[in-house]
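The values are calculated or read from the model by the stated rules, or taken from the named source; none is laboratory data. Here the structure is a predicted model, which is why all the values come from computation and not from measurement. With ideal geometry, Cβ positions are generated from the backbone for all residues, glycine too; neighbour counts draw on all protein chains shown. With ligands, DNA and RNA removed, areas are computed over all heavy atoms of the protein, side chains included. Shrake-Rupley method; radii C 1.70, N 1.55, O 1.52, S 1.80 Å.
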Amino acid sequence: MAGLRSLLVCIVVVAATIVIPTSAQLSASFYNSVCPQALPAIRRVVKQAIFREPRIGASLLRLHFHDCFVNGCDGSILLDDTSSFTGEKTALPNANSVRGFDVIDDIKNAVDKACKGSEVSCADILAVAARDSVFLLAGPLYQVQLGRRDARTASLNDANRNLPPPVFSFSQLLSTFQAHGLDLTDLVVLSAAHTIGLARCGTFRARIYNDTNIDPNFAASARQNCPSSGGDDNTEPLDATTRRFDTVYFKSLLQQKGLLHSDQELYKNNGTDSDKLVLKYSRNPVAFARDFSASMIKMGSIKPLTGNDGEVRLNCRKIN
């Protein structure tokens with residue numbers, strides 16, 4: 001297993017370094033001279049947080065995704081509401097759902113202490129914390145492109161419009177990803193972030209009670225903790241190895257055991273290109289590690305603020 005992991009790390013780092021197109025102003029070495037202690041400081045805090053609560057790794061990964069899909073990877077999801085704008089935290093896909101803000105605060109404090117000042121943006125902290133969460137939960141290690149700056153505003157309406165809900169059909173999911181410059185492969189591999197973490201009953205109730213493309217025993221088991229009414233915040237694992245970043249997510253889809261409707265939409269057993277990708281990744285963890293890493297770097301390059309745009313926040317929850 002150690003040998004396989006070393007192989008995955010080697011393959012992914014090389015691939016991410018050579019072949020992945022990124023924003024011209026982002027660089028993996030952005031902090032090497034100004035604060036070489038920055039990335040180790042982030043990983044230390046993420047490691048401590050995952051040790052306390054393994055689920056937080058999935059939460060940090062989700063924060064980065066939800067940040068990037070709303071006006072780019074700019075840390076806007078972290079902003080609290082102000083008198084001049086209503087932010088993204090209370091948008092329908094985020095309210096009582098996204099979490100990990102306290103861990104981001106801890107990371108920011110640790111990084112600023114290590115750098116003897118506010119050198120690292122909150123947007124970059126989200127990107128690195130997501131990568132480290134994946135790695136610490138047995139997933140691939142890839143090079144994060146850095147140099148993002150932080151937004152000075154956030155938008156509730158943009159969050160409601162841009163984040164795909166778990167009830168979306170395949171065509172709706174693909175359209176949403178394409179609108180952000182992503183393609184089918186990105187959709188399939190990034191959805192597999194659901195190989196870690198939990199889902200709330202309210203997000204999968206319709207699937208386990210109404211969908212027909214679901215394993216009946218799996219549905220019956222999920223209903224035990226998710227009644228037809230009430231219990232919205234009860235949780236179920238997104239796959240059977242929820243604390244390990246692996247390919248079980250894809251194997252679950254082959255068995256019609258995707259917990260979310262949107263997940264099972266990726267595999268319908270009718271020979272589509274999406275079906276073929278799910279089958280491929282279920283059998284080939286090296287290909288999944290490589291392509292997931294490439295797609296994370298691609299997603300992390302959606303409309304970043306760089307140069308003199310935006311700011312580097314002193315507090316990730318509010319503008320300077």
If I filter the stretch 294-303 for residues that are assigned to a loop (DSSP other than H, G, I, E, B), among the polar types (S, T, N, Q) and closer than 30 Å to Gly147 by Cα, do I get at least one hit?
yes
Report yes if Asp67 is open to solvent by 40 Å² or more (accessible area, probe 1.4 Å), touching a Gly at 6+ places or on another chain (Cβ under 7 Å) and not polar (S, T, N, Q), otherwise no.
no
Which residue is nearest to the chain's Cα centre (by Cα), if the candidates are limited to the stretch 101-127 and must be small (Gly, Ala, Ser) and over 12 Å from Pro40 (Cα atoms)?
Ala127
Taking into account only those residues within the stretch 96-111 that are open to solvent by 30 Å² or more (accessible area, probe 1.4 Å) and closer than 15 Å to Asp233 by Cβ, which is modelled with the lowest pLDDT?
Asn96
Could you look through the stretch 154-172, keep only residues that are in contact with a Phe, Trp or Tyr (Cβ under 9 Å, 6 or more places away or on another chain) and assigned to a helix (DSSP H, G or I), and pick out the one that is surrounded by the most Cβ atoms within 10 Å (Cβ to Cβ)?
Ala159
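Pick from Lys280, Lys268: which is more than 30 Å from Leu146 (Cα to Cα), in a helix (DSSP H, G or I), open to solvent by 50 Å² or more (accessible area, probe 1.4 Å) and not hydrophobic (A, V, I, L, M, F, W, C)? Before the answer, list the steps.
Details: Lys268 fails: in a helix (DSSP H, G or I).
Checking each option against the conditions leaves just Lys280.
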Consider Ala151 carefully, then state whether it is buried (at least 21 other Cβ atoms within 10 Å of the Cβ), among the small types (Gly, Ala, Ser), under 27 Å from Arg43 (Cβ atoms) and touching a Ser or Thr at 6+ places or on another chain (Cβ under 6 Å).
yes
Hey, Asp239 in contact (Cβ under 8 Å) with a residue 40 or more places away in the chain and touching a Leu at 6+ places or on another chain (Cβ under 8 Å) or not:
yes
Residues being under 19 Å from Glu311 (Cβ atoms) and within 15 Å of the chain's Cα centre (by Cα) - total across the stretch 77-100
2
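Output the residues belonging to the stretch 161-170 that are out of contact with any strand residue (DSSP E or B) (no Cβ under 8 Å at 6 or more places or on another chain) and in contact (Cβ under 8 Å) with a residue 60 or more places away in the chain.
Asn162, Leu163, Pro164, Pro165, Val167, Phe168, Ser169, Phe170 - these are the residues of the stretch 161-170 that are out of contact with any strand residue (DSSP E or B) (no Cβ under 8 Å at 6 or more places or on another chain) and in contact (Cβ under 8 Å) with a residue 60 or more places away in the chain.
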From the residues in the stretch 283-313 that are out of contact with any Asp or Glu (no Cβ under 8 Å at 6 or more places or on another chain), among the aliphatic types (A, V, I, L, M) and within 19 Å of Phe30 (Cβ to Cβ), which one is surrounded by the most Cβ atoms within 10 Å (Cβ to Cβ)?
Met296
For Ser27, indicate whether it is within 15 Å of the chain's Cα centre (by Cα), at pLDDT 95 or above and of a type outside the set (Asp, Glu).
no
The lone condition Ser175 fails out of (1) within 23 Å of Ser293 (Cα to Cα); (2) buried (at least 20 other Cβ atoms within 10 Å of the Cβ); (3) out of contact with any helix residue (DSSP H, G or I) (no Cβ under 8 Å at 6 or more places or on another chain) is (2)
List, please: which pairs have Cβ atoms under 7 Å, are six or more places apart or on different chains, and start with a residue in the stretch 171-186 that is closer than 15 Å to Glu265 by Cβ and end with one that is open to solvent by 70 Å² or more (accessible area, probe 1.4 Å)?
Leu184/Asp273
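Restricting attention to the stretch 30-39, and to residues there that are open to solvent by 30 Å² or more (accessible area, probe 1.4 Å) and in contact (Cβ under 8 Å) with a residue 40 or more places away in the chain, which single residue is nearest to the chain's Cα centre (by Cα)?
Leu39
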Tell me whether the stretch 194-204 contains one or more residues that are among the aliphatic types (A, V, I, L, M) and open to solvent by 40 Å² or more (accessible area, probe 1.4 Å).
yes
With respect to Asp183, determine if the residue is surrounded by 15 or more Cβ atoms within 10 Å (Cβ to Cβ), modelled with pLDDT of 95 or more and charged (D, E, K, R).
no
Anything in the stretch 235-256 that is assigned to a loop (DSSP other than H, G, I, E, B) and under 21 Å from the mean Cα position of the chain (by Cα)? List them, or say none.
Leu238, Asp239, Ala240, Thr241, Thr242, Arg243, Arg244, Phe245, Asp246, Thr247
